[in-house]
1. Residue 283 passes all but one of (1) part of a loop (DSSP other than H, G, I, E, B); (2) touching a residue at least 12 places away in the same chain (Cβ under 8 Å); (3) under 24 Å from residue 22 (Cα atoms); which number fails?
2. Before we move on, is residue 211 buried (at least 17 other Cβ atoms within 10 Å of the Cβ), among the hydrophobic types (A, V, I, L, M, F, W, C), assigned to a helix (DSSP H, G or I) and within 17 Å of the chain's Cα centre (by Cα)?
3. Go through the stretch 429-477 residue by residue and tally those that are under 22 Å from residue 92 (Cβ atoms), among the polar types (S, T, N, Q) and either surrounded by 18 or more Cβ atoms within 10 Å (Cβ to Cβ) or assigned by TED's automatic domain parsing to the domain that holds residue 166 (or both).
4. Look through 61, 157 and report the one residue that is closer than 19 Å to residue 477 by Cβ, modelled with pLDDT of 95 or more and either out of contact with any Lys or Arg (no Cβ under 7 Å at 6 or more places or on another chain) or not small (Gly, Ala, Ser) (or both).
5. Please verify whether residue 153 is among the acidic types (Asp, Glu) and either within 18 Å of residue 49 (Cα to Cα) or surrounded by fewer than 24 Cβ atoms within 10 Å (Cβ to Cβ) (or both), treating the condition exactly as stated.
6. How many residues does the stretch 64-96 contain that are of a type in the set (Val, Ile, Thr), more than 13 Å from residue 203 (Cα to Cα), out of contact with any Lys or Arg (no Cβ under 7 Å at 6 or more places or on another chain) and surrounded by 23 or more Cβ atoms within 10 Å (Cβ to Cβ)?
7. Any residue in the stretch 333-355 that is over 23 Å from the mean Cα position of the chain (by Cα), of a type in the set (A, V, I, L, M) and surrounded by fewer than 14 Cβ atoms within 10 Å (Cβ to Cβ)?
8. Applying the selection to the stretch 307-338, what residues are of a type in the set (A, V, I, L, M) and either touching a Leu at 6+ places or on another chain (Cβ under 6 Å) or free of Cβ contacts under 8 Å to residues at least 24 places away in the same chain (or both)?
Amino acid sequence: MNAATNVFDLLAHAADTHGNGVAIDYCGESIRYVELIDRAERLATVLRDAGAQPGSRVAHAFAKSIDALVAMFAIARTGAAYVPIDPAWPADRIACICDDAGIGIWTGTNAPPIELASRVRRAFVSRADNSDAVALASSVESPRMTGAVPAPDRGIANLLFTSGSTGRPKGVEVTTLSLDHFSRWGANQFQLTSADRIANHAPFNFDLSTFDIFASVRAGATMCPVPERVKMFPYQLAKFIAEQRISVWYSVPSALVMMQLRGQLAEHDFSSLRHVIFAGEVMPTPALHALIGLIPNVKWTNLYGPTETNVCTYHSVNHNDTLSTAPLPIGRPISDTRVWIVSDDSREVATGESGELLVAGPTLTTGYANDAQLTRLRLVPAPDGDGLAYRTGDRVRARDDGVLLFEGRIDRMIKCRGHRIEPGEIEAALFGHPSIREAAVIAVADPVFGNRLRACVAFRDGAGASQADLIAHCRANVPAYMVPDEWDIRDALPQTDRGKIDLRALADSR
């Protein structure tokens with residue numbers, strides 16, 4: 001098929017080519033491609049009548065379900081951009097995202113939080129349990145949306161909000177071109193066909209989910225969302241892969257490590273599984289070796305890329321990797337992607353030297369929602385003079401054969417359980433507690449999750465709080481994955497000679 005100008009084009013092509021094939025198989029229910037496009041176009045009519053059009057931003061706040069995918073493609077059909085939101089996030093964070101994204105329409109598992117009542121014009125939910133919301137089920141009585149499929153404004157297909165260093169989440173603008181190119185590359189690279197059953201483990205607000213959704217649809221494959229009640233339990237997760245006859249699995253390494261440690265993998269039949277893909281954090285080499293031994297006859301691939309570039313490099317695990325104790329490479333650029341390694345003064349470094357990775361190509365973001373300053377800071381002229389490149393903030397070096405090796409961050413961002421976490425966002429939440437005078441969040445290396453979060457705090461004179469109170473405060477202000485795992489309560493935090501909190505001293509003191 002030709003390049004898609006709207007991700008709905010991928011579904012339309014799949015419905016034409018694989019109409020009777022199963023598009024989604026979830027918890028004993030399934031929907032064929034012809035049914036998926038029918039329901040999506042009927043809901044698109046309702047959303048269009050509510051004001052969804054190119055330039056609109058529509059909240060997509062769903063737990064895993066068939067309704068979630070219907071709504072996603074319905075939003076795309078109108079030309080609007082979908083904005084994935086975890087319904088479990090704190091209401092203030094959701095409100096902040098809705099403000100920055102300019103959301104006027106809400107779709108979700110439930111109606112929006114009451115705090116958003118004045119900000120959201122219309123709400124459409126998959127359960128008719130709120131008198132102020134319109135149930136998505138009623139859309140089956142609407143006519144299918146007709147006419148040409150509109151291209152989204154500035155080509156933006158969705159906004160993915162990630163942790164922000166200023167204490168406010170930032171919305172990455174993901175384009176149709178990015179999703180189209182990445183899904184084409186992924187479908188070709190992993191030889192996806194309509195016979196594949198592809199698991200969807202990542203939440204919809206996590207960029208890993210775009211492979212599960214759009215590469216599956218491009219190939220006419222069956223997507224199998226992992227139920228929320230299963231994804232946190234390693235044994236049940238391994239059982240899901242076996243019983244659902246999953247052929248392609250894609251997740252963060254920590255999910256695989258947990259299965260290796262606690263999933264009793266030798267008990268399960270993985271004969272349908274042919275490819276395991278992982279991304280989002282460093283895969284521990286010992287865990288990879290153990291997984292390869294427990295699940296033989298499977299190909300393994302490491303993908304790398306921040307949300308701003310989607311996947312930009314890959315490495316297929318080879319025999320030499322199984323013999324080495326060195327960290328796994330992040331590999332080579334995917335198709336039509338250019339990379340550079342530059343020094344602090346933006347000059348390209350010599351082979352073997354470390355520097356910041358810059359990335360350019362069709363998967364590049366257009367910038368950040370409602371933040372022109374950050375867009376200018378992170379998107380810079382490409383070294384070859386052809387357009388813009390993204391400053392990843394990742395320190396890498398290239399081997400003599402051109403393969404890239406990840407060496408860490410040049411800033412404070414932490415990767416934990418596959419999530420990008422800016423310590424500044426957690427610190428901002430901590431400073432909102434009336435008893436806290438000083439706060440700093442640091443990473444603690446962990447063999448399973450890559451990193452754990454430790455909060456170091458000092459109370460105001462005469463004040464105090466229990467660890468349970470601090471945890472409850474964090475849970476009310478940041479997503480669950482950003483709540484610190486460890487607490488270090490001190491009389492005062494160490495300072496540098498410039499009067500700033502000494503993060504290195506905090507890290508070295510344990």
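1. (3)
2. Considered against the rule, which asks whether it is buried (at least 17 other Cβ atoms within 10 Å of the Cβ), among the hydrophobic types (A, V, I, L, M, F, W, C), assigned to a helix (DSSP H, G or I) and within 17 Å of the chain's Cα centre (by Cα), residue 211 comes out as yes.
3. Final tally of qualifying residues: 1.
4. 61
5. Taking the combined requirement at face value, the residue satisfies it.
6. 2
7. yes
8. 311, 323, 330
The values are calculated or read from the model by the stated rules, or taken from the named source; none is laboratory data. Note that the structure is a prediction, hence the values are computed from the model and not measured. Cβ atoms come from the backbone with ideal geometry, glycine included; neighbour counts cover every protein chain shown.
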